[in-house]
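Asker: Supplied in structure tokens, the structure appears directly below.
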Amino acid sequence: MFSIIQAAGWPIWPLLICSIVALALVLERFYSLAPKRIVPTALLEEAIKASRHQLPSEDSVKHLASHSLLGRVLASGLLQLRQQPQTSEVELGECLENAGKQAAHDLEKHLVVLATIASAAPLLGLLGTVIGMIEIFAAQTPGSSNPAQLAQGISLALYNTAFGLMVAIPALFFWRYFRAKVDAYVIDLEISAQRWLRHLFKLRSSLR
């Protein structure tokens, strides 16, 4: 492996950094986007059951907010009712909408960086290829050539092209995978928030 890095020359170092960052982001997203941290099964049903006749305690609301991303959205509505029992339907809806927007933003965390790596890696590989071609032409002089420099230029060009694609293709695959996963979570959060909002309307009426 070290011999390949030596043959590829200095242009491969930015690609190595990109590969390490991409791997770290992929592992982090797999951990952070686990269903139990976003939309746990039966959490909405449990929250509706716990607040069917009265507002949960402040400690219960804080526990719900720290439970998962969906829990944070649900807790925002309960906090709004605790702070302003006579809040309007519009204000309650805006509260949940703002919490949902923040949740969607958190879901997309680091995806821009992963997409950037997927786009930039082939260009970095192309840069190494161009530098290798320059060395190839530099090895050619009128009436003579430098075989060692010629071989080095070819190795530099090919290794950087290949490594750029090796970094870009998995990064693009995982970016599309996580993008689809985030979109599905956002839909789940929206559906849950709408149902929760209807429940909060009924709960607010019973508190009057």
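Asker: Under 29 Å Cα to Cα from residue 109, which lysines show up? Leave out anything in the same chain fewer than 8 places away.
Answerer: Within the straight-line limit of under 29 Å, residue 109 reaches these lysines: 36, 62, 101, 181.
Asker: If one puts a single equal scatterer on every Cα of the chain and applies the Debye formula without solvent, what log₁₀ I(q)/I(0) results at q = 0.09 Å⁻¹?
Answerer: These q points yield log10 I(q)/I(0) values of -0.53.
Asker: Under unit Cβ charges (Lys, Arg +1; Asp, Glu -1), what dipole magnitude, rounded to 20 debye, does the chain have relative to its Cα centre?
Answerer: Here the chain has a charge dipole of around 620 debye.
Asker: Ok, one more. Can you tell me the order of 94-102, 79-87, 52-60 when each peptide is scored by its average per-residue count of other Cβ atoms within 10 angstrom, highest first?
Answerer: Packing proxy ranking, top to bottom: 94-102, 79-87, 52-60.
Asker: Further question on the same structure: Using only DSSP helix segments of four residues or longer, with each worth -39500 (n - 2.57), what per-residue ellipticity at 222 nm results for the chain after dividing by its residue count and rounding to 500?
Answerer: Per the formula, -28500 deg cm²/dmol.
Asker: If I fit a long axis through the Cα atoms of helix 69-83 and take the longest principal axis of the Cα atoms of the chain, what angle between them do I get, 0 to 90°, rounded to 10?
Answerer: Helix 69-83 and the main axis of the chain meet at about 40 degrees.
Quick note: the coordinates plus some simple rules give every number you see, no bench work behind them. None of the values given here were measured: they were computed from a predicted structure. Neighbour counts run over all protein chains shown; Cβ positions are idealised from the backbone, glycine included.
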